[in-house]
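Take a look at the structure set out below.
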Amino acid sequence: MPKISTLSGKTTFEYTLDGKGGFYIEYTGRPHITKDLVERIQNEFNLKTIPGGFSMTDPTLGGFGEWIRGNTPYTPRHGSHIAAVLKEMGIIKEAYGKSPIILRF
(Lines give C-alpha, C1' and ligand atoms only; values in the text may rest on other atoms or scores of the structure.)
Protein backbone atom coordinates (compact mmCIF):
# COMPACT_ATOMS: atom_id res chain seq x y z
CA MET A 1 0.00 0.00 0.00
CA PRO A 2 1.45 3.36 -0.96
CA LYS A 3 1.67 5.88 1.88
CA ILE A 4 1.25 9.51 0.83
CA SER A 5 0.33 12.89 2.29
CA THR A 6 -2.66 15.07 1.63
CA LEU A 7 -1.70 17.99 -0.61
CA SER A 8 -1.30 20.25 2.43
CA GLY A 9 1.26 17.79 3.81
CA LYS A 10 -0.55 17.72 7.16
CA THR A 11 -1.86 14.15 7.06
CA THR A 12 -0.34 10.91 5.82
CA PHE A 13 -2.48 7.97 4.78
CA GLU A 14 -2.41 4.81 2.71
CA TYR A 15 -4.47 3.86 -0.30
CA THR A 16 -4.92 0.69 -2.32
CA LEU A 17 -5.65 0.50 -6.03
CA ASP A 18 -8.66 -1.72 -6.70
CA GLY A 19 -7.32 -3.08 -10.02
CA LYS A 20 -10.33 -1.65 -11.88
CA GLY A 21 -9.34 2.01 -12.19
CA GLY A 22 -10.45 3.05 -8.71
CA PHE A 23 -8.96 2.92 -5.23
CA TYR A 24 -9.64 2.54 -1.52
CA ILE A 25 -8.61 5.13 1.04
CA GLU A 26 -7.25 3.16 3.97
CA TYR A 27 -8.89 4.78 6.95
CA THR A 28 -12.16 4.50 8.88
CA GLY A 29 -14.88 3.12 6.64
CA ARG A 30 -12.36 2.36 3.88
CA PRO A 31 -14.02 4.62 1.27
CA HIS A 32 -14.03 3.10 -2.20
CA ILE A 33 -13.44 5.62 -4.96
CA THR A 34 -14.72 3.77 -8.00
CA LYS A 35 -13.50 4.03 -11.59
CA ASP A 36 -16.84 5.66 -12.38
CA LEU A 37 -16.21 8.42 -9.84
CA VAL A 38 -12.65 8.93 -11.09
CA GLU A 39 -14.05 9.30 -14.63
CA ARG A 40 -16.76 11.74 -13.45
CA ILE A 41 -14.06 13.85 -11.80
CA GLN A 42 -11.96 13.78 -14.97
CA ASN A 43 -14.93 14.78 -17.13
CA GLU A 44 -15.92 17.60 -14.78
CA PHE A 45 -12.48 19.14 -14.28
CA ASN A 46 -10.41 18.21 -17.35
CA LEU A 47 -8.07 21.10 -18.27
CA LYS A 48 -9.45 23.28 -15.43
CA THR A 49 -7.67 24.95 -12.54
CA ILE A 50 -9.79 25.13 -9.38
CA PRO A 51 -9.39 25.63 -5.63
CA GLY A 52 -9.17 22.53 -3.44
CA GLY A 53 -11.48 23.97 -0.79
CA PHE A 54 -11.28 21.04 1.62
CA SER A 55 -12.75 22.73 4.72
CA MET A 56 -15.39 20.58 6.39
CA THR A 57 -17.39 23.60 7.57
CA ASP A 58 -16.80 26.10 4.79
CA PRO A 59 -15.49 24.52 1.57
CA THR A 60 -14.48 27.05 -1.08
CA LEU A 61 -17.27 27.79 -3.55
CA GLY A 62 -16.47 26.21 -6.88
CA GLY A 63 -13.77 24.07 -5.29
CA PHE A 64 -13.10 20.36 -5.39
CA GLY A 65 -14.26 19.84 -1.80
CA GLU A 66 -17.59 21.51 -2.52
CA TRP A 67 -18.04 19.37 -5.64
CA ILE A 68 -17.24 16.19 -3.70
CA ARG A 69 -19.76 17.15 -0.99
CA GLY A 70 -22.50 17.92 -3.53
CA ASN A 71 -21.95 15.05 -5.97
CA THR A 72 -20.80 12.06 -3.92
CA PRO A 73 -21.52 10.47 -0.55
CA TYR A 74 -18.18 11.85 0.67
CA THR A 75 -17.11 14.99 2.54
CA PRO A 76 -14.60 17.69 1.63
CA ARG A 77 -12.17 15.95 4.00
CA HIS A 78 -12.45 12.83 1.83
CA GLY A 79 -11.85 15.19 -1.09
CA SER A 80 -8.44 16.12 0.30
CA HIS A 81 -7.46 12.45 0.30
CA ILE A 82 -9.04 11.79 -3.11
CA ALA A 83 -7.14 14.74 -4.59
CA ALA A 84 -3.84 13.45 -3.21
CA VAL A 85 -4.37 10.05 -4.83
CA LEU A 86 -5.48 11.66 -8.11
CA LYS A 87 -2.23 13.65 -8.06
CA GLU A 88 -0.28 10.41 -7.58
CA MET A 89 -2.20 8.92 -10.53
CA GLY A 90 -1.36 11.93 -12.73
CA ILE A 91 -4.98 13.05 -13.08
CA ILE A 92 -4.25 16.22 -11.14
CA LYS A 93 -1.25 17.65 -12.96
CA GLU A 94 -0.21 20.20 -10.35
CA ALA A 95 -1.19 21.30 -6.85
CA TYR A 96 0.16 24.51 -5.35
CA GLY A 97 -0.60 27.20 -2.82
CA LYS A 98 -1.74 26.88 0.76
CA SER A 99 -5.11 28.45 1.44
CA PRO A 100 -6.73 27.30 -0.67
CA ILE A 101 -4.59 24.74 -2.42
CA ILE A 102 -5.05 25.16 -6.19
CA LEU A 103 -5.53 22.08 -8.36
CA ARG A 104 -4.67 21.97 -12.06
CA PHE A 105 -6.27 19.04 -13.89
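The listed residues Tyr15, Tyr27, once ranked by accessible area (1.4 Å probe) with the largest placed first, stand as Tyr27, Tyr15. Sparsely packed loop sites in region 49-105 (the trypsin sites (Lys or Arg not before Pro) outside DSSP H, G, I, E and B with at most 10 other Cβ atoms within 10 Å) comprise Lys98.
Across region 20-105, the mean sequence separation of Cα contacts (distance under 8 Å, 6 or more residues apart), normalised by length, yields a relative contact order of 25 percent.
Here the translational diffusion coefficient of the chain follows from Stokes-Einstein with Rh set to the Kirkwood radius across Cα pairs; for 37 °C and 0.692 mPa s it amounts to 245 µm²/s.
The values are calculated or read from the model by the stated rules, or taken from the named source; none is laboratory data. Quick caveat: nothing in here was measured; it's all calculated off a predicted structure. Glycine also receives a Cβ, built like all others from the backbone with ideal geometry; neighbour counts cover every protein chain displayed. Note: areas computed on protein heavy atoms with side chains; ligands, DNA, RNA excluded. Shrake-Rupley method; radii C 1.70, N 1.55, O 1.52, S 1.80 Å.
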